[in-house]
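Read through the structure below, which is laid out as structure tokens, and then see the notes.
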Amino acid sequence: MKNTELKGYMIILVVLFSLFTVYQLIAHQIFYNHLKTDSITAWGEITARLIEQNPENEAEIMKVLTGNSSDSSEYQEKGREIFRQYGLYEDLETKLFPLLNNHIFSFNQTIFWGLICFGFILFLANYMQYKIIFNKIKQLTSTAKKIIDGDYSVSINENKEGDIAKLAVSFRSIKDIIRKNIKDLLGEKEFLGQILQDISHQLKTPLSTISIYNELLLNEDLPRQQQIQLLQNNEVQISRMNVLIQNLLKVAKIDAKAVSFDKESLNLVETIHEVLNRLENIINERNLSIDWDGTEEVVVTHDKLWMQEALMNLLKNAIEHSKPGDTITIQVKDTPIYTELIIQDFGEGITAEDLPHIFNRFYKASTSKKHDSTGIGLALTKAIIEAHQALIKVESEKNVYTKFTITFIKF
């Protein structure tokens, strides 16, 4: 029986019942002993008087008393006749037999008071048992109220087994879950405030630029060629804002776990080739070469579209920070424990001061020559990689190289 409360209550009932049974047996034994003693006393007196008057009948009298008389039925009937003459019948009330009546009255009183005492003990045991249970429930209710009021420092101590203990464990779990949810909500609130501030800051510059260009466009004397130039500039700023907003939405969805990744066991090499095909024009324009070092097939569980998004950001970052004529190396290493993808360029590099922050949202290296960067691409890449339960790290040396390593764990 796992319910310790019910088990304890049943043990108390069994113990009380056993004690009351023993009490009953003792009371009956005392009653029989007293009855036997008084019977011997009374019959001894009668026997002594009879033998005193008729000594020769002593043997017969003792036979009758010990149940060894051969003609007892005849004398039993004669004895009943004599008793009837004095008004003593079998159906006579017990109270008319003083000796027997005293014993029965004493026995009944013993049983009655025994019932009263054990009933009181049973009531007291029930009261104490339920008081303990309801005190625990009262404590849990008070604790729940404090948790509702925001006090998570309360402790719920219940180390025994049983339903109350299970309820206490559930309360502790609820308290921890609520505290974690509140903490997460506060963190999300802080994050939302920060991201809104960052978005506002990022959109402020292009919006101000567009506003200035629009004011210039309102000038009717402005030459057509300058109007076209201003409109093209506005288009660049609008495109920049569109990329920023789209990437921010993607990061926010991943952080909120609102993205359902369609992960499949696919060839990672094929996924990389498709990204390179989409970037082929940019690679050719900058006269870059790709040094591919890897097998033809490495199966990794991933969402193809989202992984291409992450690899696109890494490769574009490598392309944009490489000098014309440079080489970008791509390596894929497959082991029984993990698969490793390395993308390395030999361009601008990253300073030691900037290196720990490049995955932060809106972070731009102090020496970056890319003025139109939004600083959200690498943050999105990291979010996608980590959503695949993979790891990403970066190594770099200024004006020497930058190497991104993605590790897919197989277990």
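The values are calculated or read from the model by the stated rules, or taken from the named source; none is laboratory data. Not measured: the values here are computed from a predicted model. Cβ placement follows ideal geometry from the backbone for every residue including glycine, while neighbour counts extend to all protein chains displayed.
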Exercise for review: Determine whether LEU341 is in contact with a helix residue (DSSP H, G or I) (Cβ under 8 Å, 6 or more places away or on another chain), hydrophobic (A, V, I, L, M, F, W, C), at pLDDT 90 or above and more than 23 Å from LEU279 (Cα to Cα).
Suggested key: no
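Conditions tested, residue by residue: (1) farther than 20 Å from GLU386 by Cα; (2) in contact with an Asp or Glu (Cβ under 6 Å, 6 or more places away or on another chain); (3) aliphatic (A, V, I, L, M); (4) surrounded by 16 or more Cβ atoms within 10 Å (Cβ to Cβ).
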{"residue": "SER200", "(1), (2), (3), (4)": "yes, no, no, no"}
{"residue": "ILE212", "(1), (2), (3), (4)": "yes, no, yes, no"}
{"residue": "LEU231", "(1), (2), (3), (4)": "yes, no, yes, no"}
{"residue": "ILE238", "(1), (2), (3), (4)": "yes, no, yes, no"}
{"residue": "ALA256", "(1), (2), (3), (4)": "no, no, yes, no"}
{"residue": "LYS263", "(1), (2), (3), (4)": "no, yes, no, yes"}
{"residue": "ASP291", "(1), (2), (3), (4)": "yes, no, no, no"}
{"residue": "LEU305", "(1), (2), (3), (4)": "no, no, yes, no"}
Practice item. Pick out, from the stretch 222-327, the strands (runs of 3 or more DSSP E) lying fully within it that include 1 or more residues that are in contact with a Leu (Cβ under 6 Å, 6 or more places away or on another chain) and farther than 19 Å from ASN360 by Cα. Key: 299-302
Exercise for review: Working carefully through the options ILE116, ILE121, find the one that is loosely packed, with under 13 Cβ neighbours inside 10 Å, β-branched (Val, Ile, Thr) and modelled with pLDDT of 75 or more.
Suggested key: ILE116
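I'm checking my understanding of the structure. Among residues of the stretch 182-221 that are acidic (Asp, Glu) and outside any helix (DSSP H, G or I), which one is nearest to ASP149 (Cα to Cα)?
Applying the first criterion (acidic (Asp, Glu)) to the stretch 182-221 yields 184, 188, 190, 198, 215, 220-221.
This time we only want the ones that are outside any helix (DSSP H, G or I), so: 220-221.
Working: GLU220: 65, ASP221: 67 Å.
Among those residues, the one meeting the criterion is GLU220.
Matching residues to (1) outside the structural domain of LEU196 (by TED's automatic domain parsing); (2) at pLDDT below 90; (3) under 21 Å from ILE409 (Cβ atoms):
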site: GLN237; (1), (2), (3): no, yes, no
site: ASN242; (1), (2), (3): no, yes, no
site: THR271; (1), (2), (3): yes, no, yes
site: ASN281; (1), (2), (3): yes, no, no
site: ASP291; (1), (2), (3): yes, no, no
site: MET307; (1), (2), (3): yes, no, yes
site: LEU311; (1), (2), (3): yes, no, yes
site: PRO324; (1), (2), (3): yes, no, no
Practice item. Starting from the stretch 32-49, keep only residues that are surrounded by 11 or more Cβ atoms within 10 Å (Cβ to Cβ), then list their pairs with residues that are aliphatic (A, V, I, L, M) whose Cβ atoms are within a distance under 6 Å, requiring at least 6 positions of separation or different chains. Key: ASP38/LEU99; THR47/ILE61
Review point. Pairs under 9 Å by beta carbon, first residue assigned by TED's automatic domain parsing to the domain that holds PHE346 and on the phi > 0 side of the Ramachandran plot in the stretch 386-397, partner of a type in the set (Phe, Trp, Tyr) and assigned to a strand (DSSP E or B), six or more apart or different chains?
Key: GLN389/PHE408
Study note, to complete from the structure: The correct count of residues that are surrounded by fewer than 12 Cβ atoms within 10 Å (Cβ to Cβ), at pLDDT 65 or above and not aliphatic (A, V, I, L, M) in the stretch 149-198 is 16
